[in-house]
1. Return the residue satisfying two criteria in turn: it lies in the range 91-125 and is open to solvent by less than 30 Å² (accessible area, probe 1.4 Å) and of a type in the set (Gly, Ala, Ser), and of such residues it is nearest to Ser169 (Cα to Cα).
2. Looking at (1) farther than 26 Å from Leu40 by Cβ; (2) surrounded by 21 or more Cβ atoms within 10 Å (Cβ to Cβ); (3) among the hydroxyl-bearing types (Ser, Thr, Tyr), which is the only condition Thr141 fails?
3. Quick check on my filter: what residues within the range 47-77 are hydroxyl-bearing (Ser, Thr, Tyr) and over 18 Å from Trp194 (Cβ atoms)?
4. Kindly provide the set of residues from the range 145-170 that are among the charged types (D, E, K, R) and either open to solvent by less than 10 Å² (accessible area, probe 1.4 Å) or part of a strand (DSSP E or B) (or both), ordered by number.
5. Just name the residue that is farthest from Glu56 (Cα to Cα) out of those in the range 116-144 that are part of a helix (DSSP H, G or I) and free of Cβ contacts under 8 Å to residues at least 24 places away in the same chain.
6. Looking at (1) modelled with pLDDT of 95 or more; (2) open to solvent by 40 Å² or more (accessible area, probe 1.4 Å), can you tell me which one Val88 breaks?
Amino acid sequence: MSWGGTSFVARGAAVGLLALAALAAPTTGNADERPLFIALGETVKAPIGWVEFCVEYDPECNTKSSQPRDVVLTAQAWKDLERVNLYVNSHVKPMTDLEHWGVVERWNYPEDGYGDCEDYVLQKRRLLLQAGWPREALLITVVRDKRGDGHAVLTVKSDKGEYILDNQSDQILLWSDTGYRFVKRQAQSDPNVWIALGEPHPAPATASSR
């Protein structure tokens, strides 16, 4: 898989060194202040965008239930995550579904180079799956961002915690360091089953283009 030229590699080098150092360093402070894994709640309705996506991309959603799997977050795996996150963030330009498709909500791959937050997430998930990452560890997640707007990110569930790939930042953060309120995400055993996260709150109807 090609990730672009030398300019892309150079852009990621500094961020990569800092992130690897942070990954290798032991967690400091009270563990309760920086939880590695989010609390799971009850089963909830899947976002309508995912339901409609599965109509268009049925083979990708027509999957069997499987055992949950976390990835072992080695230094090489971390580099792969950074490479995918930077590549997609650099090559997709933000555009709302209304501007792009003429509808309020549509989840799709950003084949033409434009998309909103869910499209970034779908593309990152697809690239990681193509690279051999387990589907069970790549979970589309709905959050409220720091402004309270609906937003979608990709949660990577690892042995070192749950890390977030986000189109609003090239930096990959532990979920509890993002400042987001986590609403719901795919179940590890079945991507068509969605689970509430943290304290029960009403889920946002849609996510913003950011």
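The values are calculated or read from the model by the stated rules, or taken from the named source; none is laboratory data. If you're wondering where the values come from, they're calculated on a predicted model, not measured in any experiment. All Cβ positions, even for glycine, are placed from backbone atoms using ideal geometry, and neighbour counts span all protein chains on display. Calculation scope for accessible area: heavy atoms of the full protein, side chains included, ligands and nucleic acids excluded. Shrake-Rupley method; radii C 1.70, N 1.55, O 1.52, S 1.80 Å.
1. Gly115
2. With respect to (1) farther than 26 Å from Leu40 by Cβ; (2) surrounded by 21 or more Cβ atoms within 10 Å (Cβ to Cβ); (3) among the hydroxyl-bearing types (Ser, Thr, Tyr), Thr141 is out only on (1).
3. Passing the criteria: only Thr74.
4. We begin by selecting, within the range 145-170, every residue among the charged types (D, E, K, R); these are 145-147, 149, 157, 159-160, 162, 166, 170.
Those that are among the charged types (D, E, K, R) and either open to solvent by less than 10 Å² (accessible area, probe 1.4 Å) or part of a strand (DSSP E or B) (or both): Lys157, Glu162, Asp166, Asp170.
5. Initially, the range 116-144 is screened for residues part of a helix (DSSP H, G or I), giving 117-130, 135-137.
Restricting the remaining residues to those that are free of Cβ contacts under 8 Å to residues at least 24 places away in the same chain gives 126, 129.
Numbers: Arg126: 15, Leu129: 19 Å.
So the residue we want is Leu129.
6. Answer for Val88: the failing condition is (2).
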